[in-house]
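Read the structure below first, then the notes.
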């Protein structure tokens, strides 16, 4: 017990034992955390976020903004707004983990297959996962031999527009169209939105099995 958070794993051991036939998909670290061990509250997550935001890179960023011409309150406000904006996708991405007690690699199995996210979890499955099937080799998340072609294709196609800008950045290309440079500079937002739409489109063409 540390800071009110229990690290004893005996109930998790029982879960692992009950799914021994699919041992390659589950272990003590990947098993869902039982309800009685989920002791974090809203304040625990708020404290974690605050600790992550108040770090050396944040201080360096604020200092560089002041060096670039901002005054102290403009730099602080910019850093604060940046952390609030980033908090939104962080909360969306963490919803399944906190609701079902599963780690992110297991959560990704719903989108990419057991051997491989948000669009699948929130839009297609309406925040409903069959937790046990995430650990079964022959469960509904097996898709095609353990891989979700829809998730993989959406990921690769969404990353493709960023490739010219990336190659320019590392010196492989001497120049490229300014549009690709702009796309690369906003790669996280553009690729996320594009992958989101593409995944929903692919799932419409090839529906996933949904258990509610």
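Going through 50, 58, 39, 78 one at a time, which residue ends up being loosely packed, with under 15 Cβ neighbours inside 10 Å and more than 23 Å from residue 103 (Cβ to Cβ)?
Numbers: 50 fails: more than 23 Å from residue 103 (Cβ to Cβ); 58 fails: loosely packed, with under 15 Cβ neighbours inside 10 Å; 39 fails: more than 23 Å from residue 103 (Cβ to Cβ).
Within the list 50, 58, 39, 78, the selection yields 78.
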Please verify whether residue 53 is farther than 22 Å from residue 132 by Cα and at pLDDT 85 or above, treating the condition exactly as stated. no
Which one of 89, 105 is modelled with pLDDT of 80 or more and either under 23 Å from residue 128 (Cα atoms) or exposed (fewer than 11 other Cβ atoms within 10 Å of the Cβ) (or both)? 89
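The values are calculated or read from the model by the stated rules, or taken from the named source; none is laboratory data. Remember, it's a predicted structure, so these values are computed and weren't measured experimentally. Neighbour counts run over all protein chains shown; Cβ positions are idealised from the backbone, glycine included.
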